[in-house]
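K.L.:
One structure coming up, written as structure tokens, with questions to follow.
Rule-based calculations on the coordinates, nothing more; no lab input. Just so you know, these numbers come straight off a predicted model, no measurement behind them. All Cβ positions, even for glycine, are placed from backbone atoms using ideal geometry, and neighbour counts span all protein chains on display.
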Amino acid sequence: MKIIDAILHDAASIAAIRKDIHAHPELCFEEVRTADVVAQQLIDWGIPVHRGMGTTGVVGIVHGRDGGACGRGIGLRADMDALPMQEFNTFAHASQHHGKMHACGHDGHTAMLLAAAKHFSKHRDFDGTVYLIFQPAEEGGGGAREMMKDGLFDKFPMQAVFGMHNWPGAEVGTFAVSAGPVMASSNEFKITIRGKGSHAALPHNGIDPVPIACQMVQGFQTIITRNKKPVDAGVISVTMIHAGEATNVVPDSCELQGTVRTFSLEVLDLIESRMKQVAESICAAFDAQCEFEFDRNYPPTINSETEAQFARKVMAGIVGEANVLVQEPTMGAEDFSYMLQAKPGAYVFISNGDGAHREMGHGGGPCTLHNPSYDFNDELIPLGGTYWVELATQWLAAPTQKA
């Protein structure tokens, strides 16, 4: 493994920053203290910063030896926000804020990019500019979209943008990257069936929304099995059904809620359209009324071919080709997808291990993402920092990159 010596030397101090951020988690668009910590570190290292983009975002600007005159630019993105959940860990850096926790490793993502930033502050052996993007509100707030609305790519011209997420369960020292869809779109629906209430002993006097809802749930699954191509991934999950207040009363209405996930917008268009048709038609067949709501959240995360292959080459140079794995697509969602809709780039995984790195006293359960006993593995900081430095340096040096 070819770790940059200077980054390895600084790993302990960067880990201390990571643990401080872990102990003081902040939710989406509330990352004021975290942004202060990040910005102050960058300023202390002589890196100019731009603050307030996307409410609490921070952008560090690192010009190379040419002062950025060549016009080439690359963006490296880390997310900063925590989750609204209670931490079970009891180690010294456990969350000090009730109901808030870094259970997805965004503290570690921030630390790995800070490790690269510190190295860049002393070693600018490249032409062009590296933009260090510390993004708020990945966990449901769409912070990437908000930074873009505030002019991220206009104020900081870059030809490509890259992101990275830790991936528990895989062996430390491995990466994963693939071209094409690697994370799904995330969408929510709410359907209200308006029937007519009656006494449960006299159901013929009403319009019962409950059996209508049951047929609707079953009908949705035929969209997956009979409307879309079998090779196109898609999931409809009805996760909530609410109806009724008494055992002897047929309710007036029934509400269904859930999510839809796909790897392409074309499949998403199909599913949304068919769900609406199925829902309204089933309600009409039973003389009930249908209110259909469908909210699109994050689009699918789709890595561009050239940038994914470039990232793979950089990884192989650090850990060896055998340790660069195929990135198995996941139905989880990620708002870095917005950035990839606007710019070429790749979103990659860095393996976080099996949880053996955690100190004694952690809570029960596996060390998986969004788990109350999760903790980022600080062994990744020098490896992730090295990847960021090598990726940016080699990308800016590549003669084929064009605006």
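K.L.:
Net charge near Tyr298: determine it from the other residues with C-beta under 12 Å of the C-beta of Tyr298, scoring Lys and Arg +1 and Asp and Glu -1.
P.N.:
-3
K.L.:
Further question: List the residues whose amide H sits under 5 Å from the amide H of Phe126, counting only those 5 or more places along or on another chain, with H placed 1.01 Å from N in the peptide plane.
P.N.:
Long-range HN contacts for Phe126: Arg65.
K.L.:
What shape does the range 102-185 have by the C-alpha gyration tensor, where a ≥ b ≥ c are the square roots of the eigenvalues, rounded means a/c under 1.5, and otherwise prolate means a/b greater than b/c and oblate the rest?
P.N.:
The shape class here is oblate.
K.L.:
What is the pair-distance distribution P(r) of the chain, computed from all Cα-Cα distances in 20 Å bins starting at 0, with each bin given as a whole percent?
P.N.:
26, 50, 21, 4, 0
K.L.:
For the chain, modelled as a Gaussian network with Cα springs under 10 Å, which listed residue fluctuates most, Gly64, Gly140, Gly206?
P.N.:
Greatest mean-square fluctuation among the candidates belongs to Gly206.
K.L.:
Which are the unpartnered cysteines of the chain, meaning those with no other cysteine Cβ under 4.7 Å from their Cβ?
P.N.:
Isolated Cys, the chain: Cys28, Cys70, Cys104, Cys214, Cys254, Cys367.
K.L.:
Considering only Cα-Cα distances, which of the following residue pairs are longer than 32 Å: Lys2/Lys100; Lys100/Lys190; Lys100/Lys228?
P.N.:
Result: Lys2/Lys100; Lys100/Lys228 exceed 32 Å.
K.L.:
Which of the trypsin sites (Lys or Arg not before Pro) across the range 1-52 are loop residues per DSSP, with 12 or fewer other Cβ within 10 Å?
P.N.:
Hits after loop and neighbour filter: Lys2.
K.L.:
Whole Å is fine, so just give me how far the alpha carbon centre of the range 20-48 lies from that of the range 302-355.
P.N.:
25
K.L.:
Count the net charge of all other residues whose Cβ sits under 15 Å from the Cβ of Val319, scoring Lys and Arg as +1 and Asp and Glu as -1.
P.N.:
Summing Lys/Arg as +1 and Asp/Glu as -1 gives -1.
K.L.:
Where the centroid of each part is defined by its Cα atoms, how far is the range 97-135 from the range 202-249 in Å?
P.N.:
After rounding, the separation between the Cα centres reads 45 Å.
K.L.:
Rounded to whole Hz and in sequence order, give me ³J(HN,Hα) for the range 308-325 from the Karplus expression 6.51 cos²θ - 1.76 cosθ + 1.60, θ = phi - 60°, writing x for Gly and Pro.
P.N.:
Once θ is set to phi - 60°, the couplings for the range 308-325 become 5, 5, 5, 4, 4, 4, 5, 4, 4, x, 9, 10, x, 4, 5, 9, 10, 8 Hz.
K.L.:
If you don't mind, another one. Quick one: which residues, 5+ away or cross-chain, put their amide H under 5 Å from the amide H of Gly173? H built at 1.01 Å from N.
P.N.:
Ser351
K.L.:
Could you derive backbone 3J(HN,Hα) for the range 13-23 from the dihedral phi with the Karplus parameters 6.51, -1.76 and 1.60 (θ = phi - 60°), listing whole Hz in sequence and x where the residue is Gly or Pro?
P.N.:
Each residue of the range 13-23 in turn: 5, 5, 4, 5, 5, 4, 5, 5, 5, 4, 6 Hz.
K.L.:
Could you run the Karplus curve 6.51 cos²θ - 1.76 cosθ + 1.60 with θ = phi - 60° over the range 33-45 and give me ³J(HN,Hα) per residue in whole Hz, x for Gly and Pro?
P.N.:
5, 4, 5, 4, 4, 4, 4, 5, 4, 4, 5, 4, 8
K.L.:
May I ask for the angle, rounded to the nearest 10°, between helix 106-122 and the longest principal axis of the chain, with both axes built from Cα atoms and the value confined to 0 to 90°?
P.N.:
It is inclined by approximately 20 degrees.
K.L.:
Given axes a ≥ b ≥ c from the Cα gyration tensor, I'd like to know whether the range 187-296 is rounded (a/c under 1.5), prolate (a/b larger than b/c) or oblate.
P.N.:
It is prolate, given that a/c is not under 1.5 and a/b is the larger ratio.
K.L.:
Sort the following peptides by mean Cβ neighbour count (other Cβ atoms within 10 Å, averaged over residues), highest first: 348-356, 374-382.
P.N.:
The packing order, highest mean first, is 374-382, 348-356.
K.L.:
Skipping prolines and chain starts, which residues have an amide H placed within reach, meaning under 5 Å, of the one on Ala233, given they are 5 or more residues away or on another chain?
P.N.:
Close amide H contacts, sequence-distant or interchain: Phe263.
K.L.:
Rounded to the nearest 500 deg cm²/dmol, what is the calculated helix-only ellipticity per residue at 222 nm for the chain, with -39500 (n - 2.57) per DSSP H run of length n ≥ 4?
P.N.:
After summing the helix terms and dividing by residue count, I get -10500 deg cm²/dmol.
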